[in-house]
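Coordinate-derived values only; no laboratory data. No experiment lies behind these values; they were computed from the predicted model shown. All Cβ positions, even for glycine, are placed from backbone atoms using ideal geometry, and neighbour counts span all protein chains on display.
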Amino acid sequence: MNKKGFTLLELVTVIIIVGILAAAGVPLYLNYVEDAKIARAKATIDALYSAERVHYQKNQSYWSQTDATQSDIQSNLGIKIDPSIDNDWTFDLAPYGPNDEYISITANGQNNAEGLSTTFDSQTGTFTN
């Protein structure tokens, strides 16, 4: 008699190994996805900060806005950002300092980026999550 196939023990062993790999891989994958979303927000903040510096040079003040959307940004700073950013992020632009010479730009996640945020501080030139 020629028996071909896998025994129950072999199948259970493979299922356990795949389960262990999935348990280790899923959290890593989710962290990569979160980091990618924040990286998109940071790239947009960089563009906003560049536009804000131009605005400051022209008007001697930063443009300030809470929950700025793509249309707000385009009409006030003259830059167009990716429309998909508008679905996942809103931006708070807040000048501060003795003469409002610094600006803090915060990206707040919504929809697919719910619960995420990152802030750029022009005084220190750093991001915080």
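Points worth noting:
- Stretching the chain fully between Tyr32 and Leu9 yields a gain of 4.8 nm (0.36 nm per residue, less the alpha carbon separation).
- Loop-resident sites, the stretch 12-101, for GluC sites (Glu not before Pro), counting at most 16 other Cβ within 10 Å (DSSP): Glu101
- Whole-angstrom gap from the stretch 73-129 to the stretch 1-40, using each part's C-alpha centre: 38
- A straight Cα-to-Cα reach below 17 Å connects Lys58 with the aspartates and glutamates Asp100, Glu101, residues fewer than 8 places away in its own chain not being considered.
- The stretch 11-128: Rg to Rh, with Rh as the Kirkwood radius over Cα pairs: 1.20
- For Lys42, the lysines whose Cα falls under 19 Å of its own Cα, not counting residues fewer than eight places away in the same chain, are Lys80.
- Under 5 Å, built H, 5+ apart or other chain: amide partners of Ile81: none
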